[in-house]
Each structure stands twice: as structure tokens, then as C-alpha cells.
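In what follows, a structure is listed as C-alpha cells, so that the remarks can point back to it.
The values are calculated or read from the model by the stated rules, or taken from the named source; none is laboratory data. Computed from a predicted structure; not experimentally measured. As a convention, Cβ positions derive from the backbone with ideal geometry for all residues, glycine included, and neighbour counts pool all protein chains shown. With ligands, DNA and RNA removed, areas are computed over all heavy atoms of the protein, side chains included. Shrake-Rupley method; radii C 1.70, N 1.55, O 1.52, S 1.80 Å.
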Amino acid sequence: MTKGFEAPSNRVLVLFGATGDLAGRKLLPGLFHLYRAGMMPDDFRIIGSGRHTPEDFVAHVEEALRTHGRMELDGHWAAFSKKLSFVASSADDGSELAAAVSAAESEIDAKGERLVYLSVPPGAMGDMVKMLGKTKIAENCSLVVEKPFGHDVASAKRLNATLHGVLEEESIYRIDHFLGKEPVQNILALRFANGIFEPIWNRDHISYVQIDVPEDLDIQGRAAFYEETGAFRDMVVTHLMQILGIVALEPPSRIDAESLHAERTKLFEAVRPLDPERAVYGQYRGYRGEDDVDPKSEVETFVALEVFVDSWRWSGVPFYLRTGKAMAAGRRTVTVGFADAPLQMFANHDPDEVRRPSELVFELSDDPKIWIDVEAKVPGPKLDLGRAAFTLDIERAFGKPDGLEAYERLLHDVMLKDRLLFTRSDQIERIWEVCAPLIDNPPKATGYKKGSWGPQRAIDLPGDPGWRLQDDE
Ligand code: BG6
């Protein structure tokens, strides 16, 4: 899985939605960082596209980099800015764009596949893909498709059929940036590069798993997107299910895209369709007053639910997934709770007290940490127990990470045609199938206070010992 900092061959990159939120916050700063790190091709062009040409695209990118980038706009900016241009296009007409792509490819003697990034609303995706086929922009192309991939089983199947009408599956990169997060890959490393975890990674030793991604931010002006998407489609069908796919998969025979995809497909097949009775939706108070939100909106800004994987490994082990906007904390935490010791024999074990069992905790943040919480002896004359942790501090172990953010890593992977950390059409369709009961029969969203842990029913959902994160605060 280790990949050197290979420089991809010369190519043109086309960004649809180039003046949108994602491009401004992540994609354009990401490409600049890759350039600064020497990870872009020797020569390349970035062609922004969208329906409306901005007054000054280069100035727009400069502003985005100043606001969201992590690096100074030093001498590199002048050279980078010369590689930028904007050509308007729409689902009805991409001829001017196609001509611009060909011209840019001749100019830089492009050898690599053009990278086309579709960051457009799900409803617009299908027609855009057809346009790419018609104009032949889809030829010799790695197409990156931003989530959500459709909005239910039927639309996901339609979108996949449209994509497959224009491109081979191998050229389609369905991006879920959580898979590009460094610590998510560490779950794979820890599980499969060590002999100590796999023997206990099953229903005999694990009593629950929590995938908990509370966000302290609200919708931050993304009302149009959010009103259409909601927390379930925005986060659960995508990021949280993808993390579940990493935590729960069977050991692949190799760490390569093909083996991993085979295992992930098998795993998602085993995920039991969700039970609306075991799901809680919430909406933070004040959401309906946000600009451009319907004052009667029923859209959920919070979801907590229980998932089961019906396999020999996981039968009976509940996976609790939770995410929401405007919550008490901003965290991305995976907790694996182990079975209790069969006998409580230490004096200060009160049999009526609910204690957390040993837990393995992955903190999927930019400062990744992994803990194992255990009971240990408190120093002193008595054999008393207290909670203590083994901690793996990645930064302390290996020094500062290379500084690549998830989107940067994944864009680089696309240029090297490395599909390991992307998702595949059969998995996406299966996830939508699993999620269909909630889409067809969504729980009514209950109000919750901003800055809280969501509705009480959600807090109670996992039963004892409760959500780890809340205990943690
Ligand atoms: C995005 C969602 O995909 O992921 C956002 O659309 C969410 O609503 C974001 O805030 C979270 O990503 P990260 O990398 O900040 O954890």
C-alpha cells in the first residue's frame, strides 16, 4: 500500500463545479498543495468549468487558496496560476470545453489520462456524464464522481448505467474522502499487519462497535444542498458506511484494490437492511430559521442508528452509527468495545455499576491517535483498579505526517490509477439497498438543542455502557 511520491505523467484536469464550495475549500487548495509538494505532473493544466464563467477565475482561485489553503501563496503561485483557465459548459453543450481540453493536451504533450472531476449536484450528474460521452471528453479519461451517488437505489442504478454507457468501471473513481483519511487506512494497517488483533476481531470478543462522527458546525450556509440531501444521505449512506466497510471486512488476500473490493462487496452483502425502529433522526433547533431553509422543513440534521452484519464473524454484534450537525463536539471516532472479563474478582468492582469494557479507539482526526482503554492497578497498598490507556501517537512514532489531506491523497491516487481507496458500483448499490427501509420510512426528526448530543432517544439507543464519546467529555 506504500506508494512513493511518484509524479504522475503530464495531463489536463477538468473541474466541473470549479466555483463551488467543495472546489474552493478542498479541491483547488489540494491541487496547489500537491503542486508545492512536487506531486503534480511536470506539466499540467487545470480547466475549471461550470454554467457561468466567473469574472476572473484566477482571482477566484487565489481567494479560495488564501481563505482555505494551508500554505503561503509564495513564488509557486505565479507559476500555478498560469496553468488555470475556465471554459463554460453545460449538460447541453460541452463543445467549447472539449476543444479547450484537446488544445491544452497538445500544448503540454499530455501522456496521462485526463482527470475529470464531477462535483455537481446528484440531480445534474447523469446528464453531465452523457455530455462527456457525446463530446468525447470521456475518452482516455479518469472520471472522479463526487458523492452522494444518486439519492436511492433506483437513481444510483440509473447513474451507474449511465456511467457504464460512457466509461469502463476501471476509469470511474467514486470518491468518498473519508477513505482517504490517513487514520482510516491505519485501521487496515493495525488489523492486517499485526497478529494480535485479528484473532479477537469477531463476535466472540467484541460486544459492540461505535462509528461516531458528531460535528460541532451547523450547515454553514449550505442550505440548498442540505435541504435536498439531509444527514442520512450526506454522511451515513456515504462516509459512515464506508468506515464500517473498513472496520468489518474480512482479511483480503492482498492489500490491493481488487482484493479489497472483493471483500468489501461481500461485507456489504451481509449488512442487514436497516430497521427504522432502531434509528433516530433529529433536527437542531434553529435549523428552520437558517437562510434558504424551508420554515417547515422536516430534513434531519442528525442520525443515530443500529446496524447488524449477518456474517459468522459479526452475528449479533451491534454497530452504532451517529452523526449530526451543531452537536456538542466535532469528532470522528471509531470505538471497538470488547467483551467483559468473565469474572469480576477485584474488590472495587461494584457489580451494579455500569463500567465501560476495554475499548480500542481510533481517532480519525488530523492528529491521529489510537488507544486501548483497560483496567489497571492504581498504585498504592490496595489492589484497586482504575481506567488507563495504551496510546499509539502516530506523530510521536513517525514524526510529522506528510501533510496530505484526504482529497489531496485521493486526487494523487487517481492520477496514478490507484483504485484502492475508492468505492465500486456494486457496493454503492448494495448500500442504498440496505438503507432503503429508512429512505422509504424515515423516522420523524426530533428537535435537539444546538451544542448537545442529540435527542434523548438517540443517547439511549446503544443501551449500556452508552456512547463512548459522551462519556469522554
Ligand atoms: C462532507 C459532508 O462530505 O463531509 C459535510 O458533505 C461534512 O456535511 C464533511 O461536514 C465532513 O468531512 P471532514 O473531512 O471535515 O470530516
For segment 115-137 and segment 307-378, compute the distance between their C-alpha centroids and round to whole Å. 42
Just to confirm a number: summing +1 for Lys and Arg and -1 for Asp and Glu over residues other than ASP212 whose beta-carbon lies under 9 angstrom from that of ASP212, what do you get? +4
For segment 101-142, radius of gyration divided by Kirkwood radius, i.e. Rg to Rh on alpha-carbons: 1.03
In the chain, which helices (entire DSSP H runs) extend 18 Å or more along their own long axis, judged by Cα positions, while averaging at least 0.5 on the Kyte-Doolittle scale? 95-108
State the percentage of accessible surface on segment 259-343 attributable to carbon and sulfur atoms; use a 1.4 Å probe and exclude ligands, DNA and RNA. 51
Once label points are set 7 Å from the Cα along Cα→Cβ at both ASP92 and THR391, what is their separation, rounded to one decimal in nm? 6.0
Divide, for segment 234-289, the radius of gyration over alpha carbons by 2.2 N^0.38 Å, where N is the residue count. 1.55
Amide H to amide H, which residues 5 or more places from ASP43 or on other chains are under 5 Å from it, using H placed in the peptide plane? ASN10, ARG11
Once you compute Rg and the Kirkwood Rh from C-alpha atoms, what is the Rg to Rh ratio for segment 169-273? 1.00
Flagged as over-length at 20 Å C-alpha distance, from LYS181/LYS417; LYS82/LYS134; LYS296/LYS449, the pairs are LYS82/LYS134
How long are the three semi-axes of the equivalent ellipsoid of segment 128-181, in whole Å, if each is the root of 5 times an eigenvalue of the C-alpha gyration tensor, listed from largest down? 19, 15, 8
Taking a ≥ b ≥ c as the square roots of the Cα gyration tensor eigenvalues, with a/c under 1.5 meaning rounded and otherwise prolate when a/b beats b/c or oblate if not, segment 4-115 comes out oblate
log10 I(q)/I(0), Debye, Cα-only segment 345-473, no solvent, q = 0.18 Å⁻¹? -1.20
For the chain, give the magnitude of the charge dipole about the Cα centre (Cβ charges: +1 Lys/Arg, -1 Asp/Glu; no others), in debye to the nearest 20. 200
Do any trypsin sites (Lys or Arg not before Pro) in segment 362-455 lie in a loop, going by DSSP, with at most 15 other beta-carbon atoms within 10 Å of their beta carbon, and if so which? LYS382, LYS417, LYS444, LYS449, LYS450
Where the accessible area of segment 368-466 is counted over protein heavy atoms with a 1.4 Å probe, how much of it, in %, is carbon and sulfur? 56
Can you compute 3J(HN,Hα) from phi for each residue in segment 354-359, using the Karplus curve 6.51 cos²θ - 1.76 cosθ + 1.60 with θ = phi - 60°, rounded to whole Hz and x for Gly and Pro? 7, 10, 6, x, 4, 9
Kindly give the semi-axes, whole Å and largest first, of the ellipsoid equivalent to the chain, taking each as the square root of 5 times a Cα gyration tensor eigenvalue. 41, 25, 22
Averaged per residue, what accessible area in Å² does the chain show with a 1.4 Å probe, protein chains only? 44
Cα centroid separation, segment 266-303 to segment 16-63 (Å): 32
Binning at 10 angstrom from zero up to the longest distance, how are the C-alpha pair distances of segment 281-439 distributed in percent? 7, 20, 29, 27, 12, 4, 0
So if I restrict to the alpha-carbon atoms in segment 213-308, what is the Rg, and what is Dmax, the biggest pairwise distance, in Å? 16.7, 52
Kindly report, to the nearest 10 Å², the accessible surface of HIS205 as traced by a 1.4 Å probe over protein heavy atoms only. 80
Heads up, segment 403-473 by the C-alpha gyration tensor (a ≥ b ≥ c square roots of eigenvalues; a/c under 1.5 rounded, else a/b over b/c prolate, else oblate) looks oblate
Only four residue types carry charge here, +1 at the Cβ of Lys and Arg and -1 at the Cβ of Asp and Glu. Report the dipole size of segment 70-184 about the Cα centre in Debye, rounded to the nearest 20. 200
Between ALA37 and ARG278, how many nm apart are label points set 7 Å from Cα along the C-beta direction? 3.9
Relative contact order %, segment 115-249, counting alpha carbon pairs below 8 Å whose residues are six or more apart: 25
Taking every C-alpha to C-alpha distance in segment 87-202 and binning by 10 Å from 0, the per-bin percentages run 12, 35, 25, 17, 8, 3
Only helical DSSP H runs with n ≥ 4 go in: add -39500 (n - 2.57) per run for the chain, normalise by residue count and round the 222 nm mean residue ellipticity to 500 deg cm²/dmol. -9500 deg cm²/dmol
Taking the simple approach of a point 7 Å from Cα along Cα-to-Cβ for both ALA193 and LYS296, what is their distance in nm? 5.6
Over the chain, what relative contact order in percent results from Cα pairs under 8 Å that are six or more residues apart? 18
At 0.36 nm per residue, and after removing the present C-alpha to C-alpha distance, how many nm does the segment from ALA7 to LEU217 gain when stretched out fully? 72.0 nm
If one computes P(r) from the Cα atoms of segment 360-414, what percent of pairs lie at distances over 16 Å? 61
